[in-house]
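Accompanying notes for the structure given below.
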Amino acid sequence: MANDDALKQGFWSMGQLDRQGAESLLRRARHFASGPRRLDLLDGVEIAALFFETSTRTRVSFEVAATRLGAAVINFDSKSSSLAKGESLQDTVETIASFGVDGMVVRSSAAGAPELISRWTGLKVVNAGDGAHQHPSQALLDLFTLSERLGSLDALSGLKVGIVGDIAHSRVARSLMDGLDLFGAETTLVAPATLMPPRGFAPYVRATSDFDGCLGDLDVVYLLRLQQERIGQGLIPSFGEYVARYSLTRERHRRLRPEVVIMHPGPVYPGMEVDSAVIAAESSLVRSQTRNGVYVRMAILEKVFGAGVME
Amino acid sequence: MANDDALKQGFWSMGQLDRQGAESLLRRARHFASGPRRLDLLDGVEIAALFFETSTRTRVSFEVAATRLGAAVINFDSKSSSLAKGESLQDTVETIASFGVDGMVVRSSAAGAPELISRWTGLKVVNAGDGAHQHPSQALLDLFTLSERLGSLDALSGLKVGIVGDIAHSRVARSLMDGLDLFGAETTLVAPATLMPPRGFAPYVRATSDFDGCLGDLDVVYLLRLQQERIGQGLIPSFGEYVARYSLTRERHRRLRPEVVIMHPGPVYPGMEVDSAVIAAESSLVRSQTRNGVYVRMAILEKVFGAGVME
Amino acid sequence: MANDDALKQGFWSMGQLDRQGAESLLRRARHFASGPRRLDLLDGVEIAALFFETSTRTRVSFEVAATRLGAAVINFDSKSSSLAKGESLQDTVETIASFGVDGMVVRSSAAGAPELISRWTGLKVVNAGDGAHQHPSQALLDLFTLSERLGSLDALSGLKVGIVGDIAHSRVARSLMDGLDLFGAETTLVAPATLMPPRGFAPYVRATSDFDGCLGDLDVVYLLRLQQERIGQGLIPSFGEYVARYSLTRERHRRLRPEVVIMHPGPVYPGMEVDSAVIAAESSLVRSQTRNGVYVRMAILEKVFGAGVME
């Protein structure tokens, strides 16, 4: 697959990228990080932002990225919108397509929605998170942030990354393990059995429920957000129990090697997945992740919408 | 009335337009449909969007239109706004006028509000729907869509249009029958007696409660949205009863001549006013209506705000 | 303190300005009031608008001002935002800072928040109202409006201004009395004892609970908004009682000298702090206050963000 064509209908999944394609996007993001803030690369492009699930970081990040490239963003408040009431997803997105936009950035609880929407409407669609499926812009910003800290993308080779928490429901985990594999990093999934997907993952991924047992082996601890409803669903016995075994407490943090870095996609609820002192420590890359999100999304939007835009 | 002056204080009602005035707007919309997307015709113009009733189609359509012309849109979330609480409509709009905007696009449940607001504030006001009174930009986009399908505006002459549904509460119906009359089309209003206005309409309009009886005569079936509260208000006995007599079911659709087109202002609730297969059929112009809304509103905004803008 | 440095980290309090600094801002606002609407003085600047309390006037006013200067505004709907749930204020603002904005306009119920946020993030912060502490842009627009009416800023010297109402909870009163003192005006605070701050104010301010007794001495009556919850809090016995002693009724209005002007920061609840006929009278400057807010905020944003913006 020629990489230049890979994203021509949109960017739904890390599976659309080979190493060369990912490298090209990350190189471009590096360029945007150091370049001027206002560009006219997407002048005249209109992008609809369709967030069916609440989001602040991802939504603002995409909006700032589009605006810096000169594109116009049309926001749909999906919850209060009349489009969302009594209409099917297909009706809703076809109506929005009728306004004549060039494409959409979509967050949805339905796995596969972005690709489906692209097929329905013929428009370019960028995935801002779909159900428990994929969140590819998050994976790219995580790779960017790691390579920035390590000095190069090549340094990712052989890196040992532990992704800790609610793996079963995490689109972030799915996209990130794909991305890490492209660059030769080794992923270990860490979760209680109830939050681990029932079927095994790709052969290049290890899985364990023993966080303490693998602490000493990790170069990166990537913590996932834990949603409160998991208790009501009977998936974890209690928060106390979860914290005791899977939270990155100060005590566990001390047992990590000094050069180990901490990541989290946000929003962090301090005291749950990670201690607030740990998330504020110098080893935490959380703020860098947020900052780099803008640059990476500029690269994604440029790639998807920058060529063949029709006036 | 010289047509160039007709909209100089705003566009509240189809009654402000003669045939020449409507033609001029539709010709301009045609130009925008085929022209470049970014124009600077309204550069420096500031328009407040004041939607006291929920809207997605109309609101987004006006916003996209204004943005493409280079105008700035200032949104007021009228429901949560402190302006709306405890202040009279007059206080609210006078405050907004004080910000120094050039004019407003207003949707309100109060019939006559746009003209009143224009008088209070001295600003140009475009009606985006006022109570059961008028929705003139909708009528113009409907005329545009019909003429696009038929090949010319002249082809509207003698066209038989059935407007079906809740006529009594419909600003869409009022504006559309005015617009159709300008071009010599013949309107038949189709509704149960309880959803037909108590007083007669203009002499050029026919009214019937027998949808099946007039099916064979129609060139256009224009379906109105039916709101659920009509049952609670005792205006229709049940949804089933309504569907049985006034919905454009597949069975009724088959009895239309093949060239008959289906229109609906949206949002469509499939299964109620019209069967979902019918609304998706090639004879349905619903998506074209949404798309053309942007072009027609560009023409309206240019006409209203394009001349005599004061800096 | 060299005035040009006074606002370099933001504008939190009237205390940052000496008379020369305030004059310079007001002169610049006068320039914006008569100049062209679109300027590129802040091209490329990105400002986050963070309103943790509901606002329409102030928020829109800042947004219009920023847009006219060419800056981009990034809105955070603080109430529904995931940033606001379960995150501390510091987490929230540091995340927003991570997006790479140049600064923030902040409204918060926490006194001192703007200065604190500036220290946390290193960003320039403009105060759009913090608790019962300060609302400096309101004070400047009030001074602007008064000087416009009187013909000059020098005419403020010796002017007798009565600020009437809920002084204890009013950031508007605190900022305004500071601003009036810079220009030699004399402030009298008028409130029942329960709505007067327990500790005395600066020596240049008089306080009384006898509105009727000082009516004849005033050149300006500045009415504050009274919030309904003050009754539930036991601070005023009833609305009727308040109106009887502190509302600017028609009867009291007639006892003012003809040249006395009426001001109110809005939103006005007619019949409470002031009679609706009085607020609509020619002596009322309420609409001018709203209009001038845009010009004054242009001057503030230009001063804070116009120099040393880094790309």
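The values are calculated or read from the model by the stated rules, or taken from the named source; none is laboratory data. For clarity, every value in this text was computed on a predicted model and none was experimentally measured. Every residue, glycine as well, gets a Cβ built from its backbone with ideal geometry; the counts of neighbours run over all protein chains shown.
Looking at (1) at pLDDT 95 or above; (2) more than 22 Å from the chain's Cα centre (by Cα), which is the only condition B:S238 fails?
(1)
Hey, among the residues in the stretch C:108-156 that are of a type in the set (A, V, I, L, M) and assigned to a loop (DSSP other than H, G, I, E, B), which one's farthest from C:A29 (Cα to Cα)?
C:A110
Quick check on B:D43: is it out of contact with any helix residue (DSSP H, G or I) (no Cβ under 9 Å at 6 or more places or on another chain), modelled with pLDDT under 95 and within 23 Å of B:G266 (Cβ to Cβ)?
No; evaluated as a whole, the condition is false for this residue.
All but one of (1) touching a residue at least 12 places away in the same chain (Cβ under 8 Å); (2) surrounded by 15 or more Cβ atoms within 10 Å (Cβ to Cβ); (3) not aliphatic (A, V, I, L, M) hold for A:D18; state the number of the condition that does not hold.
(2)
Of the numbered conditions (1) modelled with pLDDT of 95 or more; (2) surrounded by 20 or more Cβ atoms within 10 Å (Cβ to Cβ); (3) of a type in the set (A, V, I, L, M, F, W, C), B:I279 fails exactly one; give the number of that condition.
With (1) modelled with pLDDT of 95 or more; (2) surrounded by 20 or more Cβ atoms within 10 Å (Cβ to Cβ); (3) of a type in the set (A, V, I, L, M, F, W, C) applied to B:I279, the lone miss is (1).
Just to be sure, is B:L182 buried (at least 24 other Cβ atoms within 10 Å of the Cβ) and either within 17 Å of the chain's Cα centre (by Cα) or not aliphatic (A, V, I, L, M) (or both)?
Here the answer is no, as B:L182 does not meet what is asked.
Applying the selection to the stretch B:157-177, what residues are outside any helix (DSSP H, G or I) and either more than 12 Å from B:A191 (Cα to Cα) or in contact (Cβ under 8 Å) with a residue 60 or more places away in the chain (or both)?
Result: B:S157, B:G158, B:L159, B:K160, B:V161, B:G162, B:I163, B:V164, B:G165, B:D166.
Looking at C:R206, C:R174, which is the one that is out of contact with any Ser or Thr (no Cβ under 7 Å at 6 or more places or on another chain) and not assigned by TED's automatic domain parsing to the domain that holds C:L26?
Step by step, each of C:R206, C:R174 is checked, and only C:R174 is out of contact with any Ser or Thr (no Cβ under 7 Å at 6 or more places or on another chain) and not assigned by TED's automatic domain parsing to the domain that holds C:L26.
Only one of these is modelled with pLDDT under 95 and aliphatic (A, V, I, L, M): C:V190, C:V164, C:V205, C:V172. Name it.
Exactly one residue qualifies, and that residue is C:V205.
Being surrounded by 16 or more Cβ atoms within 10 Å (Cβ to Cβ) and charged (D, E, K, R) is the filter here; which residues of the stretch B:202-227 pass it?
B:D219, B:R225
Identify, by number, the condition in (1) more than 10 Å from every other protein chain (Cβ to nearest Cβ); (2) at pLDDT 90 or above; (3) farther than 22 Å from A:V45 by Cα that B:A97 doesn't meet.
Going through the list (1) more than 10 Å from every other protein chain (Cβ to nearest Cβ); (2) at pLDDT 90 or above; (3) farther than 22 Å from A:V45 by Cα, B:A97 breaks only (1).
Within the stretch B:244-311, considering only helices (runs of 4 or more DSSP H) that don't extend past its boundaries, which have at least 1 residues that are within 14 Å of chain A (Cβ to nearest Cβ) and without any contact (Cβ under 8 Å) to a residue 60 or more places away in the chain?
B:276-279, B:286-305
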